1. Could you tell me which residue of the stretch 15-36 is farthest from ALA106 (Cα to Cα), considering only residues that are part of a strand (DSSP E or B) and at pLDDT 80 or above?
2. Pairs under 9 Å by beta carbon, first residue in contact (Cβ under 8 Å) with a residue 12 or more places away in the chain and closer than 20 Å to GLU33 by Cα in the stretch 140-152, partner of a type in the set (Lys, Arg) and not in a strand (DSSP E or B), six or more apart or different chains?
3. Please enumerate the residues belonging to the stretch 216-234 that are loosely packed, with under 13 Cβ neighbours inside 10 Å and either at pLDDT 90 or above or within 19 Å of ASN100 (Cα to Cα) (or both).
4. Condition test on ARG50, is it at pLDDT 55 or above and touching a helix residue (DSSP H, G or I) at 6+ places or on another chain (Cβ under 6 Å)?
5. Inspect the stretch 165-178 for any residue being without any contact (Cβ under 8 Å) to a residue 12 or more places away in the chain, assigned to a strand (DSSP E or B) and either of a type in the set (S, T, N, Q) or out of contact with any Ser or Thr (no Cβ under 6 Å at 6 or more places or on another chain) (or both) and give the result as yes or no.
6. For the stretch 83-108, which residues satisfy the criterion of being surrounded by 15 or more Cβ atoms within 10 Å (Cβ to Cβ), part of a loop (DSSP other than H, G, I, E, B) and either among the hydroxyl-bearing types (Ser, Thr, Tyr) or at positive phi (or both)?
7. With respect to the numbered conditions (1) within 17 Å of GLN44 (Cβ to Cβ); (2) modelled with pLDDT of 70 or more; (3) out of contact with any Gly (no Cβ under 8 Å at 6 or more places or on another chain), which one is the sole condition not fulfilled by ILE113?
8. Got a sec? Which of VAL150, VAL131 is among the hydrophobic types (A, V, I, L, M, F, W, C) and over 13 Å from the mean Cα position of the chain (by Cα)?
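The values are calculated or read from the model by the stated rules, or taken from the named source; none is laboratory data. From a predicted model like this one, the values you see are computed outputs, not experimental measurements. Every residue, glycine as well, gets a Cβ built from its backbone with ideal geometry; the counts of neighbours run over all protein chains shown.
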Amino acid sequence: MKLKLLLCFPLLLWCLLDHGVFGVDSDEVSVMEGDSVTLHTGVQTNQQERIRWYFNDTRIAQINGEQSKTCTDVQCNGGTERFRDRLKLDHQTGSLTITNTRNTDAGVYRLKISSGRSESEKIFSVTIRGVSAAEQNKMKRKSLKEGESVTLDPGEVRKPKDMMWYFNDTLIAEITGDQSKICTDDQCDERFRDRLKVNQTGSLTITNTRNTDSGEYKLWINSSRFSIIRSFSVSVTAVPDSGLSPGAVAGIVVFLLLLLLAAVGLVFYRHWRSRKQGNRTAGDDQENEEGVALEDI
(Lines give C-alpha, C1' and ligand atoms only; values in the text may rest on other atoms or scores of the structure.)
Protein backbone atom coordinates (compact mmCIF):
# COMPACT_ATOMS: atom_id res chain seq x y z
CA MET A 1 0.00 0.00 0.00
CA LYS A 2 2.79 2.39 0.93
CA LEU A 3 4.62 1.46 -2.25
CA LYS A 4 1.53 2.35 -4.34
CA LEU A 5 1.25 5.73 -2.61
CA LEU A 6 4.90 6.44 -3.27
CA LEU A 7 4.47 5.56 -6.94
CA CYS A 8 1.32 7.70 -7.29
CA PHE A 9 2.76 10.75 -5.52
CA PRO A 10 4.90 11.98 -8.48
CA LEU A 11 1.91 11.64 -10.79
CA LEU A 12 -0.31 13.56 -8.35
CA LEU A 13 2.34 16.25 -7.98
CA TRP A 14 2.61 16.65 -11.76
CA CYS A 15 -1.18 17.01 -12.06
CA LEU A 16 -1.27 19.69 -9.38
CA LEU A 17 1.50 21.65 -11.02
CA ASP A 18 0.05 21.26 -14.49
CA HIS A 19 -3.36 22.58 -13.45
CA GLY A 20 -2.08 25.61 -11.58
CA VAL A 21 -2.92 24.50 -8.04
CA PHE A 22 0.53 25.59 -6.98
CA GLY A 23 3.82 26.36 -8.68
CA VAL A 24 2.16 27.92 -11.76
CA ASP A 25 0.98 31.54 -11.92
CA SER A 26 -2.59 31.91 -13.11
CA ASP A 27 -4.82 34.88 -13.92
CA GLU A 28 -8.43 35.34 -14.92
CA VAL A 29 -9.00 37.88 -17.70
CA SER A 30 -12.49 39.07 -18.64
CA VAL A 31 -12.91 41.19 -21.77
CA MET A 32 -15.76 42.45 -23.91
CA GLU A 33 -16.19 41.17 -27.44
CA GLY A 34 -14.36 43.50 -29.82
CA ASP A 35 -11.75 44.58 -27.25
CA SER A 36 -8.03 44.04 -27.69
CA VAL A 37 -6.21 42.25 -24.87
CA THR A 38 -2.49 41.92 -24.15
CA LEU A 39 -1.20 39.09 -21.95
CA HIS A 40 2.07 40.19 -20.31
CA THR A 41 5.07 37.92 -19.75
CA GLY A 42 6.62 40.21 -17.15
CA VAL A 43 10.13 39.69 -18.57
CA GLN A 44 12.53 41.26 -21.05
CA THR A 45 13.59 38.71 -23.64
CA ASN A 46 17.14 37.83 -24.59
CA GLN A 47 18.71 35.42 -27.06
CA GLN A 48 19.02 32.67 -24.43
CA GLU A 49 15.30 32.54 -23.70
CA ARG A 50 12.60 30.66 -25.52
CA ILE A 51 9.02 31.88 -25.18
CA ARG A 52 6.05 29.82 -26.32
CA TRP A 53 2.35 30.64 -26.24
CA TYR A 54 -0.34 27.95 -26.34
CA PHE A 55 -4.10 28.22 -26.75
CA ASN A 56 -5.95 25.18 -25.41
CA ASP A 57 -2.67 23.20 -25.84
CA THR A 58 -2.12 24.37 -29.44
CA ARG A 59 1.01 26.46 -29.95
CA ILE A 60 0.09 29.84 -31.46
CA ALA A 61 3.25 31.99 -31.04
CA GLN A 62 6.90 31.69 -30.06
CA ILE A 63 10.20 33.52 -29.76
CA ASN A 64 13.37 31.48 -30.06
CA GLY A 65 16.53 33.56 -29.91
CA GLU A 66 16.19 36.32 -32.45
CA GLN A 67 13.45 34.50 -34.34
CA SER A 68 9.78 35.12 -33.59
CA LYS A 69 6.57 34.08 -35.29
CA THR A 70 2.87 33.64 -34.75
CA CYS A 71 0.97 30.63 -35.97
CA THR A 72 -0.56 30.29 -39.39
CA ASP A 73 -4.25 29.54 -39.70
CA VAL A 74 -3.64 25.80 -40.01
CA GLN A 75 -1.21 25.75 -37.08
CA CYS A 76 -3.64 27.72 -34.91
CA ASN A 77 -6.61 25.42 -35.17
CA GLY A 78 -6.71 22.98 -38.04
CA GLY A 79 -7.73 25.38 -40.78
CA THR A 80 -10.55 27.17 -38.94
CA GLU A 81 -8.67 30.48 -39.26
CA ARG A 82 -9.45 31.33 -35.65
CA PHE A 83 -6.78 34.04 -35.22
CA ARG A 84 -6.33 35.26 -38.80
CA ASP A 85 -4.27 38.50 -38.67
CA ARG A 86 -5.28 39.10 -35.03
CA LEU A 87 -2.17 38.00 -33.11
CA LYS A 88 0.75 40.30 -32.29
CA LEU A 89 3.93 39.33 -30.46
CA ASP A 90 6.09 41.91 -28.69
CA HIS A 91 9.72 41.15 -29.61
CA GLN A 92 11.06 42.91 -26.49
CA THR A 93 8.89 41.23 -23.84
CA GLY A 94 7.23 38.31 -25.61
CA SER A 95 3.80 39.61 -24.57
CA LEU A 96 0.91 38.40 -26.73
CA THR A 97 -1.85 40.70 -28.04
CA ILE A 98 -5.17 39.48 -29.44
CA THR A 99 -7.04 42.18 -31.37
CA ASN A 100 -10.77 42.41 -32.08
CA THR A 101 -11.59 39.55 -29.72
CA ARG A 102 -14.39 37.08 -30.47
CA ASN A 103 -16.35 34.57 -28.40
CA THR A 104 -14.28 31.77 -29.92
CA ASP A 105 -11.13 33.29 -28.38
CA ALA A 106 -12.27 32.31 -24.88
CA GLY A 107 -10.15 29.60 -23.27
CA VAL A 108 -6.85 28.87 -21.56
CA TYR A 109 -3.68 30.58 -22.77
CA ARG A 110 -0.48 29.02 -21.48
CA LEU A 111 2.89 30.81 -21.47
CA LYS A 112 6.12 28.81 -21.17
CA ILE A 113 9.47 30.56 -20.76
CA SER A 114 12.60 28.40 -21.04
CA SER A 115 16.08 29.63 -20.18
CA GLY A 116 18.82 26.99 -20.04
CA ARG A 117 17.55 24.15 -17.88
CA SER A 118 14.93 26.20 -16.05
CA GLU A 119 11.37 26.70 -17.21
CA SER A 120 8.55 28.87 -15.84
CA GLU A 121 4.91 28.78 -16.73
CA LYS A 122 1.92 31.15 -16.53
CA ILE A 123 -1.72 30.49 -17.27
CA PHE A 124 -4.32 33.03 -18.39
CA SER A 125 -7.97 32.01 -18.34
CA VAL A 126 -9.70 34.36 -20.79
CA THR A 127 -13.47 34.85 -20.90
CA ILE A 128 -15.19 36.94 -23.59
CA ARG A 129 -18.45 38.73 -22.82
CA GLY A 130 -20.63 38.67 -25.92
CA VAL A 131 -22.17 41.98 -27.00
CA SER A 132 -25.13 42.32 -29.36
CA ALA A 133 -24.87 44.71 -32.28
CA ALA A 134 -27.51 46.98 -30.71
CA GLU A 135 -25.69 47.07 -27.36
CA GLN A 136 -22.35 47.71 -29.03
CA ASN A 137 -23.78 50.60 -31.06
CA LYS A 138 -25.34 52.11 -27.95
CA MET A 139 -22.23 51.76 -25.83
CA LYS A 140 -19.35 52.27 -28.25
CA ARG A 141 -20.76 54.51 -30.99
CA LYS A 142 -22.06 57.93 -30.06
CA SER A 143 -23.73 60.41 -32.44
CA LEU A 144 -24.76 63.85 -31.22
CA LYS A 145 -25.02 67.53 -32.13
CA GLU A 146 -22.64 70.32 -31.21
CA GLY A 147 -23.25 71.70 -27.73
CA GLU A 148 -24.56 68.43 -26.29
CA SER A 149 -22.69 66.38 -23.65
CA VAL A 150 -21.61 62.75 -24.05
CA THR A 151 -20.43 60.12 -21.54
CA LEU A 152 -18.25 57.19 -22.58
CA ASP A 153 -18.93 54.42 -20.07
CA PRO A 154 -16.56 51.42 -20.13
CA GLY A 155 -18.99 49.24 -18.15
CA GLU A 156 -17.76 46.89 -15.45
CA VAL A 157 -13.97 46.83 -15.12
CA ARG A 158 -12.39 44.11 -12.99
CA LYS A 159 -9.25 44.74 -10.94
CA PRO A 160 -7.75 47.66 -12.89
CA LYS A 161 -4.39 49.02 -11.77
CA ASP A 162 -4.86 52.20 -13.77
CA MET A 163 -6.92 53.49 -16.69
CA MET A 164 -5.96 55.96 -19.41
CA TRP A 165 -8.12 57.69 -22.03
CA TYR A 166 -6.67 58.56 -25.44
CA PHE A 167 -8.14 60.68 -28.22
CA ASN A 168 -6.55 59.94 -31.60
CA ASP A 169 -3.49 58.55 -29.73
CA THR A 170 -3.17 61.64 -27.45
CA LEU A 171 -3.47 61.02 -23.68
CA ILE A 172 -6.33 63.17 -22.35
CA ALA A 173 -7.24 61.61 -18.98
CA GLU A 174 -5.76 59.20 -16.46
CA ILE A 175 -6.99 57.37 -13.36
CA THR A 176 -4.45 55.82 -11.01
CA GLY A 177 -5.82 54.37 -7.79
CA ASP A 178 -7.88 57.09 -6.12
CA GLN A 179 -6.24 59.83 -8.16
CA SER A 180 -7.59 61.15 -11.47
CA LYS A 181 -6.07 63.69 -13.81
CA ILE A 182 -7.11 65.29 -17.07
CA CYS A 183 -4.75 66.77 -19.60
CA THR A 184 -3.58 70.36 -19.40
CA ASP A 185 -4.29 72.87 -22.16
CA ASP A 186 -0.81 72.42 -23.64
CA GLN A 187 -1.19 68.63 -23.73
CA CYS A 188 -4.66 68.84 -25.26
CA ASP A 189 -3.81 71.74 -27.55
CA GLU A 190 -6.66 73.56 -25.79
CA ARG A 191 -9.08 71.30 -27.62
CA PHE A 192 -10.82 70.17 -24.41
CA ARG A 193 -10.28 73.22 -22.17
CA ASP A 194 -12.48 72.78 -19.05
CA ARG A 195 -14.72 70.29 -20.89
CA LEU A 196 -13.51 66.89 -19.58
CA LYS A 197 -14.64 64.98 -16.49
CA VAL A 198 -13.64 61.50 -15.27
CA ASN A 199 -14.79 59.40 -12.33
CA GLN A 200 -13.41 56.37 -10.50
CA THR A 201 -15.45 53.94 -12.61
CA GLY A 202 -13.48 55.05 -15.66
CA SER A 203 -16.30 56.98 -17.35
CA LEU A 204 -15.27 59.99 -19.43
CA THR A 205 -17.68 62.92 -19.97
CA ILE A 206 -17.18 65.60 -22.62
CA THR A 207 -19.34 68.70 -22.17
CA ASN A 208 -20.31 71.35 -24.74
CA THR A 209 -19.10 69.14 -27.58
CA ARG A 210 -17.71 70.53 -30.82
CA ASN A 211 -17.31 69.15 -34.31
CA THR A 212 -13.56 68.81 -33.66
CA ASP A 213 -14.30 66.29 -30.88
CA SER A 214 -15.27 63.69 -33.49
CA GLY A 215 -12.90 60.75 -33.68
CA GLU A 216 -11.75 57.57 -31.93
CA TYR A 217 -11.42 57.39 -28.16
CA LYS A 218 -9.55 54.49 -26.55
CA LEU A 219 -9.57 53.38 -22.92
CA TRP A 220 -6.49 51.47 -21.75
CA ILE A 221 -7.27 49.27 -18.73
CA ASN A 222 -3.99 48.11 -17.21
CA SER A 223 -3.10 45.57 -14.57
CA SER A 224 0.25 43.99 -13.73
CA ARG A 225 -0.51 40.85 -15.80
CA PHE A 226 -2.66 42.08 -18.71
CA SER A 227 -3.98 45.14 -20.55
CA ILE A 228 -7.33 45.71 -22.27
CA ILE A 229 -8.04 48.33 -24.94
CA ARG A 230 -11.67 49.38 -25.42
CA SER A 231 -12.49 51.66 -28.36
CA PHE A 232 -15.29 54.22 -28.73
CA SER A 233 -16.37 56.18 -31.80
CA VAL A 234 -17.80 59.70 -31.38
CA SER A 235 -19.45 61.69 -34.18
CA VAL A 236 -20.44 65.30 -33.48
CA THR A 237 -22.60 67.00 -36.12
CA ALA A 238 -21.86 70.70 -36.62
CA VAL A 239 -24.76 73.12 -36.20
CA PRO A 240 -25.04 75.45 -39.24
CA ASP A 241 -23.42 78.82 -38.50
CA SER A 242 -25.24 81.98 -39.59
CA GLY A 243 -21.94 83.80 -39.81
CA LEU A 244 -23.31 86.73 -37.77
CA SER A 245 -21.96 88.03 -34.50
CA PRO A 246 -24.16 87.87 -31.38
CA GLY A 247 -24.62 91.66 -31.56
CA ALA A 248 -25.81 91.46 -35.15
CA VAL A 249 -28.22 88.66 -34.27
CA ALA A 250 -29.61 90.74 -31.37
CA GLY A 251 -30.03 93.73 -33.70
CA ILE A 252 -31.96 91.62 -36.21
CA VAL A 253 -34.23 90.32 -33.45
CA VAL A 254 -34.97 93.88 -32.23
CA PHE A 255 -35.65 95.03 -35.80
CA LEU A 256 -38.10 92.17 -36.39
CA LEU A 257 -39.91 92.97 -33.14
CA LEU A 258 -40.24 96.65 -34.12
CA LEU A 259 -41.47 95.59 -37.56
CA LEU A 260 -44.07 93.35 -35.93
CA LEU A 261 -45.23 96.16 -33.63
CA ALA A 262 -45.49 98.56 -36.60
CA ALA A 263 -47.59 96.01 -38.53
CA VAL A 264 -49.92 95.53 -35.56
CA GLY A 265 -50.20 99.31 -35.14
CA LEU A 266 -51.02 99.74 -38.82
CA VAL A 267 -53.79 97.16 -38.59
CA PHE A 268 -55.32 98.88 -35.56
CA TYR A 269 -55.04 102.29 -37.26
CA ARG A 270 -56.80 101.08 -40.39
CA HIS A 271 -59.51 99.48 -38.31
CA TRP A 272 -60.01 102.68 -36.28
CA ARG A 273 -60.08 104.82 -39.44
CA SER A 274 -62.57 102.51 -41.09
CA ARG A 275 -64.88 102.69 -38.11
CA LYS A 276 -64.57 106.48 -37.91
CA GLN A 277 -65.32 106.86 -41.61
CA GLY A 278 -68.31 104.56 -41.23
CA ASN A 279 -69.72 106.64 -38.38
CA ARG A 280 -69.28 109.85 -40.41
CA THR A 281 -71.10 108.35 -43.41
CA ALA A 282 -73.95 107.23 -41.21
CA GLY A 283 -74.27 110.77 -39.78
CA ASP A 284 -74.38 112.35 -43.26
CA ASP A 285 -77.10 109.93 -44.36
CA GLN A 286 -79.19 110.84 -41.33
CA GLU A 287 -78.85 114.59 -42.03
CA ASN A 288 -79.87 114.05 -45.66
CA GLU A 289 -82.92 112.12 -44.63
CA GLU A 290 -83.95 114.87 -42.19
CA GLY A 291 -83.42 117.54 -44.91
CA VAL A 292 -85.64 115.68 -47.37
CA ALA A 293 -88.34 115.36 -44.76
CA LEU A 294 -88.35 119.16 -44.11
CA GLU A 295 -88.65 119.95 -47.83
CA ASP A 296 -91.65 117.68 -48.10
CA ILE A 297 -93.38 119.69 -45.36
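1. SER26
2. LEU152/LYS140
3. Within the stretch 216-234, just GLU216 meets the criteria.
4. For ARG50, the condition - at pLDDT 55 or above and touching a helix residue (DSSP H, G or I) at 6+ places or on another chain (Cβ under 6 Å) - is not met.
5. no
6. The answer is THR93, GLY94, SER95, THR99, THR101.
7. Only one criterion is unmet by ILE113, namely (3).
8. So the residue among VAL150, VAL131 that is among the hydrophobic types (A, V, I, L, M, F, W, C) and over 13 Å from the mean Cα position of the chain (by Cα) is VAL131.
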